[in-house]
């Protein structure tokens with residue numbers, strides 16, 4: 001991202017984040033956040049959001065050039081870390097190099113599904129009535145860096161401009177800092193509408209407003225669906241009894257779970273689907289929502305959403321193997337480095353007697 005200071009036209013590229021130390025805390029003027037309460041947010045010298053378990057949506061310039069490299073470790077709130085296997089940026093952004101006029105957003109693919117007990121859903125980008133509008137309130141999350149240490153925070157701001165490429169949001173006090181690039185921008189319903197990519201100070205010294213910019217996901221909605229094409233939900237739940245969960249379709253086409261439910265392949269192990277709109281109503285449209293009503297025992301179970309996408313219920317934790325016991329010290333003189341066994345003592349005693357009788 002770009003870094004700015006109040007009333008000063010200083011801009012620092014996100015590509016320098018790894019080599020610069022900022023004295024600013026995460027999202028200056030905002031609120032510090034407990035990362036564990038937002039397990040769908042990840043940190044990788046940028047900020048990202050997990051989609052459908054194994055995809056990370058973030059800024060396009062993250063990992064786009066040599067000084068801002070890809071791949072690099074993605075870190076999670078539970079202490080896990082993974083190295084992504086591929087990067088897929090908006091083709092119009094990547095086609096001519098950085099800042100060529102495309103939408104500054106990208107998706108990284110993980111080698112396996114991340115363990116998330118919480119999730120943030122994307123706004124219905126196909127519904128023009130729900131698209132972002134000027135004067136809408138937004139919340140921006142990001143891992144701003146304080147003394148080269150990432151710290152999660154959030155700010156609240158107001159949309160002041162919208163273009164095909166991006167959304168601008170402004171506030172007189174709260175603003176983003178290096179490390180916030182790629183962070184989720186949420187609307188008033190806590191739905192994802194953008195990924196943050198830059199921030200600058202106002203050119204008007206009288207207002208002193210801080211302007212932030214995020215990718216306009218409405219413009220790249222088809223690319224987003226083609227990149228993910230999967231159900232989007234929490235991936236790791238722990239409960240017994242009944243629970244209703246929300247699931248979002250990020251498929252290119254209309255889909256449902258009715259066929260797999262009727263075939264008995266939707267679940268396995270200690271969980272069953274007893275109902276919900278995902279299995280009782282018509283197809284779910286792209287960006288549409290549905291529900292699953294679950295019933296779980298204490299046994300590990302799975303909700304099999306897609307071929308390589310599942311929700312794990314009550315995961316069985318394998319115990320750490322006990323260390324092998326060390327063998328007891330051997331007292332045999334032949335193996336003990338000088339200790340004398342009973343047979344050796346008897347032999348010596350016999351030799352001394354023979355010498356006595358022969359003397």
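Just so it is clear, none of the values below were taken in a lab; they were calculated from the coordinates. These numbers were taken from a predicted model, which means no experiment stands behind them. In this analysis, Cβ positions are derived from the backbone assuming ideal geometry, glycine residues included, and neighbour counts consider all displayed protein chains.
Ranked highest first by average number of other Cβ atoms within 10 Å, how do 152-159, 54-61 line up?
In decreasing order of mean packing, 152-159, 54-61 become 54-61, 152-159.
Which length gain, in nm to one decimal place, applies between residue 73 and residue 297 when the Cα-Cα distance is subtracted from 0.36 nm times their residue separation? Kindly include the intermediate steps, with their values, before the conclusion.
On the way: separation 224, 0.36 × 224 = 80.64 nm, distance 3.53 nm.
Fully extending the segment from residue 73 to residue 297 adds 77.1 nm.
Considering the Cα trace of segment 229-313, what is its radius of gyration and what is Dmax, both in angstroms?
11.8, 35
Can you give me the distance in nm between label points at residue 85 and residue 318, each placed 7 Å from the Cα along the Cα-to-Cβ direction?
Result: 2.0 nm between the two label points.
What is the spin-label model distance, in nm, from residue 65 to residue 243 if the labels are put 7 Å beyond Cα along the C-beta direction?
Label at residue 65, label at residue 243, 4.5 nm between them.
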